[in-house]
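The values are calculated or read from the model by the stated rules, or taken from the named source; none is laboratory data. Not measured: the values here are computed from a predicted model. Neighbour counts run over all protein chains shown; Cβ positions are idealised from the backbone, glycine included. Just so you know, the surface numbers come from the protein's heavy atoms only, side chains and all, with ligands and any DNA or RNA stripped out. Shrake-Rupley method; radii C 1.70, N 1.55, O 1.52, S 1.80 Å.
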Amino acid sequence: MTTTAHHIEPVAVAPKPTVGSHVRDYLGRVRGGDLGALPAVLGLIVLCVFFAIMRPVFFSAGNFANLFTQGAAITIIAMGLIFVLLLGEIDLSAGFASGVCAAVLAQLMAEQGSPWYVAMLAAIATGVVIGLVLGFLVAKVGIPSFVVTLAGFLAFQGTVLLLIKGGTNVSIRDDVILAIANKNIVPWLGWILTVIGVAGYAVVVLLSRRRRVARGLVTEPFAVAIGRIAALAVILGIAVFVLNQERSRNVVVVSLKGVPIVVPIIAALLIIWTFVLRRTAYGRHVYAVGGNREAARRAGINVDRIRISVFVICSGMAAIGGIVAASRANSVDANTGGSNVLLYAVGAAVIGGTSLFGGKGRVLDALLGGAVIAVIDNGMGLMGLSSGQKFVFTGVVLLLAAGVDALSRRRAAATGTR
Amino acid sequence: MSVTPLLEARGIDKRFGPVQVLKDVDFAVTPGEVTALVGDNGAGKSTLVKCISGIYPIDAGEFQFDGQPVTIHGPRDAAGLGIEVVYQDLALCDNLDIVQNMFLGREKRSGLVLDEPTMEQMAAETLAGLSVRTVKSLRQHVASLSGGQRQTVAIAKAVLWNSKLVILDEPTAALGVAQTAQVLELVRRLADKGLAVVLISHNMNDVFAVSDRIAALYLGQMVAQVKTTDVTHAQVVELITAGRSGDLGLPTEKIDSGVEYADTLTTPGAEQ
Ligand SMILES: Nc1ncnc2c1ncn2[C@@H]1O[C@H](COP(=O)(O)OP(=O)(O)OP(=O)(O)O)[C@@H](O)[C@H]1O
Ligand SMILES: [Mg+2]
């Protein structure tokens, strides 16, 4: 019981929300600078329409599947980065950390003949250790994360070279690892997973809604809850339907249809990390430390432990991203995790709506932003633009996203919603 | 006084680098009473509170809680003893909503998962107990609240738990007339329920309206801890600004703290 239990009165809150008030609330939030997923979704639509007009092949099933495998590694690395960004820190070494982990994977299989699961575990363990070291240097020693991870950026680039013994290219022959980014799941399994996913989401939404109704708490209108579930069902349904089309140019030689294996992997990571961030005390504490470190400390939260843990998650996810990248390239070389990987991953998080100032972001942002990045990269490839043009354009988009972030923050400060 | 103090601080020293902010401070709070902690800006009131709640380590001195010597190494230790603090700067996370802030660090869970409905309900009941009617939704971010609303959330956060000692550092500074009256009434109610309450305030009317005892800090030294009924407005103001008033406070010659405080505690300056 509470110390004021003798004085209970119903709290006077806003009248029961309706669909209309829900929409009004959302518009109010957007106007107040809390744009959420809006810029990413709008950007995605505009880009898709643009590329579809310029290059009709953009909308083919084959290209649609390409988007997933092209964006997978970036999206996974971005998911981990979001934890670091939530604290207002940065990890510039995530790209090459994924390269180091991929090199560990490749070399273990090539030189030691390790089975795929041993190599994979070793790669992820490498990521975790990297994260522990980075986090320790940031939280306990007190070096700014920008400097620590910039040093990591250089050192890991060198580590990749050392691991693959300079310039050579270590190819990957293991079927399981190769399947991750190159094979698809059989069409019927795709549908079963879709049904499980939608049903699971419906159960979570409706159950938590019922629990709130039972306690007499303010609840979102039933229609909105159903709308969410329906929206997920439609999006997943269309995606799986398209991916289950035959994509092979020559069906006699090889049949190519079904959801790429990376898609359920990304979905599982998305669900796990979203659960951790939104439904566990740990996730709550990550937001708290990102929002007001001193308040978190006074609430008895072990701030150092949280700060170290996000670097562990980030580097661990980078390892998984590195495995996916190695699978897609069939090999690991000096450039794995290099060139634009890190910038694309940071870009994905920011474009998706995660703030560089800390305290604001969702794991889903990585997916939305990763989709935007993949579409840009893919579309410009189809238009035959040079690498130079691609880099310039992606740089501009990243700047645009960071600008939207900064401006929406200013607007939120002005309207007092942040 | 026959009642043993709930919390007794003895000889607390605290320095920030070369600056000695607290000098040999003795401070006692009694259950069922409101102790007003007064002093000028920079006298060290907030610092004393933060030493009690384990945010700052102390350089010397000891704490006794319920007659037992205790060491408070961090906010968790303080909360474990039943000490709740409303900080002057409120210490709320702008990016979290009201419920999330109220339960920060002590979330209710069922298994691994946060038990949001229970937390929201408890938060609603506590806020209702504080007669808060102006917040639109418990799920709105604290950033969108007015100064007074933020203050109320911080207070609600402190009274949510079954605490034994509630310390409020200038809780009414940002409040309107009606809200101030409500907070003072709450302060009184908490003490009447048997809790020990420490109220820091610059407003002498508030201090005299609710407190049973007044402790005055002057430049980091505890110059007097007296019964409210034994002193006048003017005397308290003098203690705050000059560190002494008649027989109360610092002796003119030198600071012989230990004896002085024991005196003021046991024979509150009634005889003057
Ligand atoms: N973290 C710190 N580092 C260094 N000096 C500090 C720190 N915190 C407080 N001080 C100093 O300690 C002294 C006492 O500060 P404190 O905040 O306790 O005063 P206060 O009595 O609460 O004043 P107010 O009524 O203005 O809130 C001040 O001189 C202040 O400058
Ligand atoms: Mg103060």
- request: Scan segment B:1-28 for residues that are in a loop (DSSP other than H, G, I, E, B) and either closer than 21 Å to residue B:187 by Cβ or more than 8 Å from ligand 1 (Cβ to nearest atom) (or both) and jot them down.
  value: B:1, B:2, B:3, B:4, B:5, B:6, B:18
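Here's the yes/no breakdown for (1) surrounded by fewer than 19 Cβ atoms within 10 Å (Cβ to Cβ); (2) more than 7 Å from every other protein chain (Cβ to nearest Cβ):
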| site | (1), (2) |
| --- | --- |
| B:96 | no, no |
| B:105 | no, no |
| B:110 | yes, yes |
| B:115 | yes, yes |
| B:137 | yes, no |
| B:149 | no, yes |
statement: Note on residue B:46: of the conditions (1) more than 14 Å from chain A (Cβ to nearest Cβ); (2) within 16 Å of ligand 2 (Cβ to nearest atom), unmet is (1)
Among residues of segment A:285-300, those that are within 22 Å of residue A:81 (Cβ to Cβ), facing chain B (nearest Cβ under 8 Å) and open to solvent by less than 10 Å² (accessible area, probe 1.4 Å), counted: 2
Segment A:105-121, residues that are within 23 Å of the chain's Cα centre (by Cα) and open to solvent by 30 Å² or more (accessible area, probe 1.4 Å): A:120, A:121
message: Can you tell me which residue is nearest to residue B:101 (Cα to Cα) among those in segment B:182-215 that are among the polar types (S, T, N, Q) and either within 16 Å of ligand 2 (Cβ to nearest atom) or within 14 Å of chain A (Cβ to nearest Cβ) (or both)?
response: B:182
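Do you know which of the residues in segment B:30-43 that are assigned to a strand (DSSP E or B) and more than 13 Å from ligand 2 (Cβ to nearest atom) is nearest to residue B:193 (Cα to Cα)? First the steps, then the outcome.
Of the residues in segment B:30-43, the ones assigned to a strand (DSSP E or B) are B:34-39.
With more than 13 Å from ligand 2 (Cβ to nearest atom) added as a condition, the list becomes B:34-36.
Numbers: B:34: 11, B:35: 15, B:36: 17 Å.
So, considering only residues that are assigned to a strand (DSSP E or B) and more than 13 Å from ligand 2 (Cβ to nearest atom), the one nearest to residue B:193 (Cα to Cα) is B:34.
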message: When you check residue B:81 against the structure, is it open to solvent by 20 Å² or more (accessible area, probe 1.4 Å), closer than 18 Å to residue A:289 by Cβ and more than 7 Å from every other protein chain (Cβ to nearest Cβ), yes or no?
response: no
- request: Quickly run through segment B:5-29 and pick out the residues that are among the basic types (Lys, Arg) and within 16 Å of ligand 2 (Cβ to nearest atom).
  value: B:14
query: Just one of the numbered conditions (1) touching a helix residue (DSSP H, G or I) at 6+ places or on another chain (Cβ under 8 Å); (2) more than 7 Å from chain B (Cβ to nearest Cβ) is not true of residue A:268; which one?
result: (1)
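Here is a check on your reading of the model: is residue A:329 open to solvent by 30 Å² or more (accessible area, probe 1.4 Å), among the aliphatic types (A, V, I, L, M), more than 12 Å from chain B (Cβ to nearest Cβ) and out of contact with any Asp or Glu (no Cβ under 7 Å at 6 or more places or on another chain)? Can you show your working first?
Values: open to solvent by 30 Å² or more (accessible area, probe 1.4 Å): yes; among the aliphatic types (A, V, I, L, M): yes; more than 12 Å from chain B (Cβ to nearest Cβ): yes; out of contact with any Asp or Glu (no Cβ under 7 Å at 6 or more places or on another chain): yes.
Taking the combined requirement at face value, the residue satisfies it.
With open to solvent by less than 10 Å² (accessible area, probe 1.4 Å) and in contact with a Cys (Cβ under 7 Å, 6 or more places away or on another chain) as the only criterion, which of A:375, A:350 stands out?
Values: A:350 fails: in contact with a Cys (Cβ under 7 Å, 6 or more places away or on another chain).
Only one candidate qualifies: A:375.
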- request: Looking for whichever is away from chain B (no Cβ under 14 Å) and closer than 27 Å to residue A:402 by Cα here; the options are A:263, A:312, A:276, A:251. Which one fits?
  value: A:312
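Residues in segment A:214-234: is at least one within 14 Å of another protein chain (Cβ to nearest Cβ) and either in a helix (DSSP H, G or I) or under 26 Å from the mean Cα position of the chain (by Cα) (or both)? Before you say what the answer is, go through the steps one by one.
Of all residues in segment A:214-234, those within 14 Å of another protein chain (Cβ to nearest Cβ) come to A:214-220.
Filter once more, keeping what is either in a helix (DSSP H, G or I) or under 26 Å from the mean Cα position of the chain (by Cα) (or both): A:214.
There is at least one residue in segment A:214-234 that is within 14 Å of another protein chain (Cβ to nearest Cβ) and either in a helix (DSSP H, G or I) or under 26 Å from the mean Cα position of the chain (by Cα) (or both).
Do we find that residue B:72 is touching a residue at least 40 places away in the same chain (Cβ under 8 Å), among the β-branched types (Val, Ile, Thr) and either open to solvent by 10 Å² or more (accessible area, probe 1.4 Å) or away from chain A (no Cβ under 12 Å) (or both) in this structure?
On the way: touching a residue at least 40 places away in the same chain (Cβ under 8 Å): no; among the β-branched types (Val, Ile, Thr): yes; either open to solvent by 10 Å² or more (accessible area, probe 1.4 Å) or away from chain A (no Cβ under 12 Å) (or both): yes.
So residue B:72 fails the test.
For segment A:310-336, which positions are outside any helix (DSSP H, G or I) and either farther than 13 Å from residue A:104 by Cα or at pLDDT 95 or above (or both)? Step through it out loud before you land on a result.
Here is the first cut: in segment A:310-336, the residues outside any helix (DSSP H, G or I) are A:330-336.
Passing the criteria: A:330, A:335.
Conditions tested, residue by residue: (1) out of contact with any helix residue (DSSP H, G or I) (no Cβ under 9 Å at 6 or more places or on another chain); (2) away from every other protein chain (no Cβ under 12 Å); (3) surrounded by 23 or more Cβ atoms within 10 Å (Cβ to Cβ).
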| position | (1), (2), (3) |
| --- | --- |
| B:163 | no, no, no |
| B:170 | no, yes, no |
| B:180 | no, yes, no |
| B:224 | no, yes, yes |
| B:228 | no, yes, no |
| B:231 | no, yes, yes |
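Would you say residue B:156 is open to solvent by 20 Å² or more (accessible area, probe 1.4 Å), closer than 27 Å to residue B:27 by Cα and among the small types (Gly, Ala, Ser)? Spell out how you get there, then give the answer.
On the way: open to solvent by 20 Å² or more (accessible area, probe 1.4 Å): no; closer than 27 Å to residue B:27 by Cα: yes; among the small types (Gly, Ala, Ser): yes.
When the stated conditions are applied, residue B:156 does not pass them.
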query: Somewhere in segment A:189-208, is a residue open to solvent by 50 Å² or more (accessible area, probe 1.4 Å), of a type in the set (A, V, I, L, M) and assigned to a loop (DSSP other than H, G, I, E, B)?
result: no
message: Condition first: open to solvent by less than 30 Å² (accessible area, probe 1.4 Å) and of a type outside the set (A, V, I, L, M). Now tell me which residues in segment B:1-28 satisfy that.
response: B:11, B:14, B:27
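For segment B:29-46, give me each residue that is open to solvent by less than 10 Å² (accessible area, probe 1.4 Å) and more than 12 Å from ligand 1 (Cβ to nearest atom). Can you show your working first?
Taking segment B:29-46 and keeping what is open to solvent by less than 10 Å² (accessible area, probe 1.4 Å), we get B:29, B:34-39, B:43-44.
Of everything in segment B:29-46, those that are open to solvent by less than 10 Å² (accessible area, probe 1.4 Å) and more than 12 Å from ligand 1 (Cβ to nearest atom) turn out to be B:29, B:34, B:35, B:36.
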- prompt: With (1) surrounded by fewer than 20 Cβ atoms within 10 Å (Cβ to Cβ); (2) within 16 Å of ligand 2 (Cβ to nearest atom); (3) away from every other protein chain (no Cβ under 14 Å) as the list, and residue B:89 as the residue in question, which single condition is left unmet?
  reply: (3)
field: Selection status of residue B:128, away from ligand 2 (no atom under 16 Å from the Cβ) and of a type in the set (Gly, Ala, Ser)
entry: yes
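Scanning for something crowded, with 20+ Cβ neighbours inside 10 Å and more than 14 Å from chain B (Cβ to nearest Cβ), does segment A:384-401 turn up at least one residue?
Let us first name the residues in segment A:384-401 that are crowded, with 20+ Cβ neighbours inside 10 Å, namely A:401.
In the following step, the residues that additionally are more than 14 Å from chain B (Cβ to nearest Cβ) were identified as A:401.
Taking every residue of segment A:384-401 in turn, at least one turns out to be crowded, with 20+ Cβ neighbours inside 10 Å and more than 14 Å from chain B (Cβ to nearest Cβ).
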